[in-house]
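The values are calculated or read from the model by the stated rules, or taken from the named source; none is laboratory data. Every value quoted in this text rests on a predicted model; they were computed, and no experiment measured them. Positions of Cβ are generated from backbone atoms using ideal geometry, with glycine treated the same way; all protein chains shown enter the neighbour counts.
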Amino acid sequence: MKVSKWSEKLFGTPLPDPVVIVSFLFPLLYLVAFLVIPVIVMLGTAFKYNGHISLYWFKSILSSSYYVNFHPDGYLVKTTIYGGQEVYHFSGWDFGVILNSIIVSISVMILTTLLGTFFAFIMARYDFPGKNIMRILLFIPLLVTPFVNVVVVKKMFLPDGIINWIFYEHLHLFPKPIWIDGLVGVIIAQTITYYPIVYLNAYASFINIDPSLEEQAENLGSKGFHLFRTVTLPLAMPGIMAGAILVGIFSLEDLAAPIVFQGSAIAKKLMSYQIYSSFVSGFAVGNPQMAALALIMLTIALIMFLAVRWYVGLKQYAMLSKGGRWKPRVAKPKPWQALIIAFVAVPLLLITIFPQIGVVLLAFSETWYGTWPSGFTLENMKAIITQPDIERVIINSLLYSTVAIFIIILLSLTASYASGRFKKAKLAPILDSLATIPIAVPGIVIAMSYFFFFSTVPPFKGTILDPTNLLYFFPGAALILAYSIRRLPFAARSISAGLQQVHVSLEEAAMNLGAGRWKALTSILLPMISLNLLGGAMLSFVYCMSETSVGITLGSINSTWYPITAKMRELIIGAVGSANLAAALGVFLMLVQITAIVIANIITKQRYSFIGLT
C-alpha cells in the first residue's frame, strides 16, 4: 500500500511500472548529473574565498569600474580619418563588461523585434508578387556560419564596404562614409543573425490569431494602425516576446561577433568574451572570479527566460476564442503599402541575407579587399576533402553530433513521455522544467561549469574528461555531453507536440487488450510520433554541428579533436587568407543545414518553426 502511494505521488501511476520509472529517472538523473551539479560546483567555486563561503568575488566584480562603469568612456559616433578620407566612426560607449553585455542584449532584442515583427506582419497579412521567394529568403539568415558571416558583416560596414558603395557612392544618401565596429558592430551583426528567430515566432502568432477578434474590432470602428496597436499586436505579443527574449539570451552568450570585432578594445568588454579569453589564456584554471562572472551571466539569462514564461502564461487569454482552424486574414496591399514592401522590406531583406551570400563569395574567391571579392577559385572547397586537418575536424563534428543525437532522442523521448503522459506526478513539472531550461543556459556557462566540474570532482578528476589533464583530455566526451544538454529542448519540443496529438486512449486500449506498457509505447505511440521525433532530431543535429560556445572553449583545448567551429575560430584569427578556408567550412555547414531543413520539412509535412519558447 505504501509503495503504491509512493509510486502514484512520484510517477503518477499506482503500480511501480519499470517503463514509467525509467522514463522519469533516466532524463532526470542525466540532467541533474550534467547540468545541475556542474552549475552547483561552479557556484561553490564562485562563493569560496580563502576556504570560506564569501561574496568576495561578486563584490570585486560589481565594485570594479572594468565590469560596471556608470561614467562611460568612448563615443557613439565621431568623425575620424580612415584610408585618407573623413568618415563617421560608430563604436559605442563603454559602461563596463556587465553593463555592456546587458545594453548590447537589450539593443539587439529591440532591433530584432522591430525587424522580425515587420517582416512577419507583411508575410502573414499581405499577398503580393514574389511572396514565396521572399519567404525562402527570410530563412537564409538562419543558416549558421559561425564567425564567417560576422566577418562579412564587418566588411559590409567598412568605409569601402558594400553599404557605403550603395548608400554613399551611388545613392548619395550618406553625407560621409560610415565605419561601424566596436559594440555597435556587435549589435548590428547579432541583429542581422538573430532577427529571423523573432520573425518565425511573430509569424506563427499572427497567423494563429482568430480573425473574428479583429473583425469585431473593425465593426466597432477600429481601423488601420489603431486596430494593429490595440488588437492585433497584443494578441501576437506572447509569441513576439518569446522570440525577443530568446534573441536576448543568444546575444548574451554570443562569441562570434566579439571575437571578429576584437580589433576594437571595447568589443572585448562583454561577459562572453571575458570568459572565453580566460580559457584561451589558461586563466580559467581555478579562477573563481570567472566562475562568478559566469554565474552573473546565467542569472541574467534565467531572469529573462522566466520573465517571458511568466508573461506568456498571463497572455493565454489570446487563444480563448479559438474554436478551430481558420483562414488567416490576407489582403492585397494598398499602393502605399506596396511601396513600403518594394522599397523598404525588400532592400532590408537583401542587406540581411548578404552575410550568407558573402560567405559563399568568400569561399570561392582568392582575396577580398575593398567592396567585392576578387579571383575565382575552387581550392578552398577542395581543401575540405584534401587537407587532413580540415577533413579531421569535419569527421570529429559529425561523430560528436551523431552520438549526441542518439542521447538527445532518448532524453527527449523519455522526458516528454513522462511529463506529458503523467502530469499528476510530483516529478512531472520538475522534469519538464529541466528539459526546457537548457535553452536559457548560455553555452559559455556550460563550458565553464564543465571545466570546474570535471577538473575538481574526484570521479572525473584526472580522467579524459578533465580539461586540465592535457595529456589525456578528450574534448569529444565533454562536447557530446554539452551538445546533448544544450540541444535537448529542440527535440523535446517537437516530440511533446507529437504526443499532444496522440490521444492517451489509444495506448490504454492496447494495454486493456493485454499489451504491456513497453509494447504499447513501441508499437502504438512511437510509430505515430516518428515524424516529430525525426524532425526534432534533424534540427538538433544542425545545432550540434554549429555549436560555437562550447566548441571553441572546451573543444579547442586539444587540436587533434577540434570540432568544426574551433577550427573556424582558429582560421578567422589566423593568417591572412585563412578566412577563405573558414568560409569553405561555412558553406559545408550551410549545405548540412539546408539538407536537414529540407528533410525535416518533408517528414513533418509542415513549415517547421525552428526556435521558440511557446
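Considering only segment 171-202, state which residues are in a helix (DSSP H, G or I) and more than 25 Å from MET134 (Cα to Cα).
Of everything in segment 171-202, those that are in a helix (DSSP H, G or I) and more than 25 Å from MET134 (Cα to Cα) turn out to be GLY182, LEU183, VAL184, GLY185, VAL186.
Assigned to a helix (DSSP H, G or I) and either in contact with a His (Cβ under 7 Å, 6 or more places away or on another chain) or not aliphatic (A, V, I, L, M) (or both): is that true of THR117 in this structure? So THR117 fits the description; yes. Candidates in segment 30-82 are the residues that are in contact with a strand residue (DSSP E or B) (Cβ under 7 Å, 6 or more places away or on another chain) and assigned to a helix (DSSP H, G or I); of these, the one that is surrounded by the fewest Cβ atoms within 10 Å (Cβ to Cβ) is TYR56. Going by the structure shown, is ALA477 part of a helix (DSSP H, G or I) and either in contact with a strand residue (DSSP E or B) (Cβ under 6 Å, 6 or more places away or on another chain) or over 22 Å from ARG309 (Cα atoms) (or both)? Here the answer is yes, as ALA477 does meet what is asked.
When you look at ILE98, is it assigned by TED's automatic domain parsing to the domain that holds GLY248, of a type in the set (A, V, I, L, M) and within 21 Å of ILE296 (Cα to Cα), yes or no? Criteria met by ILE98.
Inside segment 352-389, residues that are surrounded by 12 or more Cβ atoms within 10 Å (Cβ to Cβ), of a type outside the set (S, T, N, Q) and within 20 Å of MET156 (Cα to Cα) make up a count of 16. Tell me which residues, restricted to segment 353-378, are touching a Gly at 6+ places or on another chain (Cβ under 7 Å) and more than 12 Å from GLY586 (Cα to Cα). Those that are touching a Gly at 6+ places or on another chain (Cβ under 7 Å) and more than 12 Å from GLY586 (Cα to Cα): SER365, GLU366, THR367, THR371.
Applying the set (1) among the polar types (S, T, N, Q); (2) modelled with pLDDT of 80 or more; (3) at negative phi to ASN50 leaves exactly one unmet item: (3). Residues of segment 252-267 that are part of a helix (DSSP H, G or I), modelled with pLDDT of 90 or more and either of a type in the set (A, V, I, L, M) or not assigned by TED's automatic domain parsing to the domain that holds LEU99 (or both): LEU252, ALA256, ALA257, ILE259, VAL260, ILE266, ALA267.
Looking only at segment 268-277, decide whether some residue is part of a helix (DSSP H, G or I), under 18 Å from ARG569 (Cβ atoms), of a type in the set (Gly, Ala, Ser) and at pLDDT 80 or above. Yes, segment 268-277 contains a residue that is part of a helix (DSSP H, G or I), under 18 Å from ARG569 (Cβ atoms), of a type in the set (Gly, Ala, Ser) and at pLDDT 80 or above.
The set of residues in segment 536-552 being of a type outside the set (Val, Ile, Thr), crowded, with 24+ Cβ neighbours inside 10 Å and outside any helix (DSSP H, G or I) consists of GLU547, SER549, GLY551. Pairing each residue of segment 406-434 that is more than 18 Å from GLN501 (Cβ to Cβ) and assigned to a helix (DSSP H, G or I) with any residue that is of a type in the set (S, T, N, Q) and modelled with pLDDT of 90 or more, provided the two are 6+ apart or on different chains, yields C-beta distances under 7 Å for ILE407/SER484; ILE408/SER484; LEU411/SER484.
Per-residue answers, yes or no, for (1) touching a Ser or Thr at 6+ places or on another chain (Cβ under 9 Å); (2) among the small types (Gly, Ala, Ser):
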| site | (1), (2) |
| --- | --- |
| SER559 | no, yes |
| TYR562 | yes, no |
| LYS567 | yes, no |
| ILE573 | no, no |
| ALA584 | no, yes |
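One residue stands out among those in segment 553-566 that are closer than 18 Å to GLU391 by Cα and either at pLDDT below 90 or of a type in the set (Lys, Arg) (or both): the one that is surrounded by the fewest Cβ atoms within 10 Å (Cβ to Cβ), which is THR560. State the number of residues belonging to segment 358-392 that are part of a helix (DSSP H, G or I) and without any contact (Cβ under 8 Å) to a residue 12 or more places away in the chain. Residues in segment 358-392 being part of a helix (DSSP H, G or I) and without any contact (Cβ under 8 Å) to a residue 12 or more places away in the chain: 6 in total. When LEU235 is tested against (1) under 21 Å from THR352 (Cα atoms); (2) surrounded by 20 or more Cβ atoms within 10 Å (Cβ to Cβ); (3) not polar (S, T, N, Q), just one condition goes unmet, and that condition is (1). Residues of segment 417-436 that are under 21 Å from the mean Cα position of the chain (by Cα) and farther than 30 Å from GLY462 by Cβ: ASP432, SER433, ALA435, THR436.
Within the option set SER397, SER433, being crowded, with 24+ Cβ neighbours inside 10 Å and among the hydroxyl-bearing types (Ser, Thr, Tyr) holds for one residue only, SER397. Among the residues of segment 523-535, is any surrounded by fewer than 23 Cβ atoms within 10 Å (Cβ to Cβ), within 30 Å of SER449 (Cα to Cα) and not assigned by TED's automatic domain parsing to the domain that holds LEU362? Checked against the condition, which is being surrounded by fewer than 23 Cβ atoms within 10 Å (Cβ to Cβ), within 30 Å of SER449 (Cα to Cα) and not assigned by TED's automatic domain parsing to the domain that holds LEU362, segment 523-535 yields at least one hit. Exactly one residue out of SER496, SER455 is under 24 Å from ILE409 (Cα atoms), of a type in the set (Ser, Thr, Tyr) and part of a helix (DSSP H, G or I), and it is SER496.
Of the residues making up segment 120-136, those that are assigned to a helix (DSSP H, G or I) and surrounded by fewer than 17 Cβ atoms within 10 Å (Cβ to Cβ) are LYS131, ASN132, ILE133, ARG135, ILE136.
Residues in segment 203-231 that are assigned to a helix (DSSP H, G or I), buried (at least 17 other Cβ atoms within 10 Å of the Cβ) and not hydrophobic (A, V, I, L, M, F, W, C): TYR203, SER205, GLU214.
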